[in-house]
1. Based on alpha-carbon centroids, what's the gap between the range 542-605 and the range 175-222 in Å, whole number please?
2. If one takes the longest principal axis of the Cα atoms in the chain, at what angle in degrees, from 0 to 90 and to the nearest 10, does the Cα axis of helix 485-504 lie?
3. Taking 0.36 nm per residue of separation and subtracting the Cα-Cα distance, what length does fully extending residue 243 through residue 175 add?
4. With each pseudo-label sitting 7 Å past Cα toward Cβ, what's the residue 585-residue 500 distance in nm, one decimal?
5. Which semi-axes, in whole Å and largest first, does the equivalent ellipsoid of the range 271-367 have when worked out from the alpha carbon gyration tensor as the square roots of 5 times its eigenvalues?
6. Given points 7 Å out from each Cα along the Cα-Cβ axis, report the residue 290 to residue 325 separation in nanometres with one decimal.
7. Which stretch or stretches of the range 476-507 have amide N atoms under 19 Å from the point lying 7 Å from residue 521's Cα along the Cα→Cβ direction?
8. So for 628, 202, fewest C-beta neighbours within 10 Å to most, what's the order?
Amino acid sequence: MKFPHHEIPLLKPLLLFIAGIIFAEYFKISIRISSLLLYLIIGLVAITIVKGRIHKFFHSIILSIICFSFGYILHHERTIRTATELIGEKTMSIRIDEISPHEKHKKCFGSVLSHLSNENQLINTNKKILVYFKGLSSDSSIVVGNEYLISGKSFPIQETTNPHAFDYAQYLDRKGVNMQLFVEKDQTKLLRKNQHSRLKQVIQSIRNHCLITLEKYFPDKDKLGILQAMVLGKRDGLEKDINQAFIDTGAIHVLAVSGLHVGILCLFISLLFKVLEPLFRLPKIYQGIISVLIIWIFAMITGGSPAVLRAALMFSLFYIAKDIIHRQVSMYNVLSATGLILLVINPSQLFQVGFQFSFLAVLSIVFFFPYLKDAFVSRFRLVNYLYTSVAIGIAAQVLVFPLSIFYFNQFANSFLISSLFVVQFAIIILVSGLILLLLEFAGLAIINEKLLVPILDFVLDAFKGLIHWVQELPYSVSENLWLDQVQMFLLYACIISGMFYLKQGRKFTYLGMVFLFLLLNYTVADTINKRKQHVAYIYDAKELCIDVIVGKRVFHLGNMDRENAGFIYSRNRLSHSIDIDYDLSYNSYNSFEHRDGILRLGSKILAFANIETFDLIRKDQKIDYVLVTDGNTELMKLTVDQLCESEIIIDGSIKFWEIEKFLTYAEENGLNVYNIKTKGAKKIEF
């Protein structure tokens, strides 16, 4: 079977556009964007004029260059935009767009509408900013949609410099937020209420009424949290154990309003049209328009998250093609068009985990489900129905499981069991929840009280119980898995080769075998190297944090904060395949030793910057590294002769004003300095 390239005209432009975005992300080129844009416009005009007069091959080449360059330009233009004019002490007018949960402060995402410059001039702007209202985590005076006059010091969000750690600054930058502001309550003054558009105010009012309705009928926190998440997209009410149970069973997607929920809504709309057909029959074009309107109303009321907006756009394009302009629908074309539109709007979405998961999951289902569906057919309808549920779950995982391991280092083995009931429960809960809200708006609360609420209460109990039962099954989840970028690339190359084999035959069998051979050899070589590894890491942390890795064992020194492990050391340990963890304070090994403030790493010596340590070291002994930590800050009491041959490492625990002092001292005396705060964790191989 040949791959139908001609049926997916947008696939090639999309892939070239994505290639341009990736190139702009990883290869920074100094170029005048305005000049390049002018050349592209001239190229497009030239193609339009000479179309049909040049060879088809050259025509394709020119279009390919334009698509690639357009992706490069858009992403390059976005990445060079920074909010540097907001750095420092500022008075700003900020509209609150979103409030996120935080233990200590009121954490808000807002839009800076205007700010005072250093010359006291009022400058209008529209920059996104992260605002922390100190100590106001439970305060209700900060409201979404209100505009506040705020005074405070803003500064860039600090990037995570520890190897393989989650980079929160990069995560926010993908969403257009690269500045943060900490303010006290007395530095905040309400300027205007409800500064969102009239439409957004109406939608927010409806959403609030829906939330109050659900709270009225479901006092149990667990049931209310599940219902609010699945029907209205509000996930901050979920308890941690419930959320973790859904993650461990591979059912977390039902708690985030996304393509599944929009798909269920579309099925409900389609069923409704069929039920009403005997009374009055609407033309297909009106059915399509009504379906699109309902989808977008649902998307807005559920919070308008990126996942639901992607799904809304995808299903809207489907209905426009099928019912409004009456074209034959190809899901590959719908996916390509959706991806292209979204990436033109914001190219950085390509690097967002949610964007990658949602598109790969849909593509995986569209491609693999027909093959899996035809692989087994039973004469019993119930068996076929259950098999279809499992087949959809398997199909969705084929292109998604490498990402699950790469980003989250775990895989839900129990997804096969949970897929037997998760979608069915999602249909019942979502449809029943929407009907409940509609009846409440219609003044038919008596039906809710007598019928729907008891049904939903029972269903939610059963759903929660089944999820916990699956979670407690042995080997329900595989944890502490690791894939590096090379392994992930080779794994996807194997899967894509398999996809081409299914479509175009045996010639791609050899290509898949080559990639599989490379993957196995790379993994074996990597495993052998890790058994021989001798390396130490000094992490960027608020307190001393050192890992000495020998083979597959790690010896740690300092305060290893388990709560912040993911931001400091845990993923780095996974990358080194660590099996055993020891406390370095009480252990020595033949290749290293820690004693009296001196850490010997093979032939290299690391000494703490205090007088006592240097008194223990022989005068003729070379000191390779001098570590300045919060508890060892006597660097300037040592003589320059003692330090001139050493690399001075300034630990992440040092306060920023002390770092400036040490940097000045080192520059004045010609000393070699490594600042962990700016350069990242120090890696020492021995």
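1. The range 542-605 and the range 175-222 have Cα centres spaced 45 Å from each other.
2. Helix 485-504 sits roughly 30 degrees off the main axis of the chain.
3. Using 0.36 nm per residue and subtracting the Cα-Cα distance, I get 22.1 nm.
4. Once both label points are built, they end up 5.7 nm from each other.
5. 27, 15, 12
6. 2.4
7. What the label zone holds, given the 19 Å backbone N cut-off, is 484-495, 497.
8. Taking fewest neighbouring Cβ atoms as first place, the list is 202, 628.
Readers should treat all values here as calculations from the given coordinates under stated rules, not as data from a laboratory. Everything numeric here is computed off the predicted structure, so don't read it as measured data. As a convention, Cβ positions derive from the backbone with ideal geometry for all residues, glycine included, and neighbour counts pool all protein chains shown.
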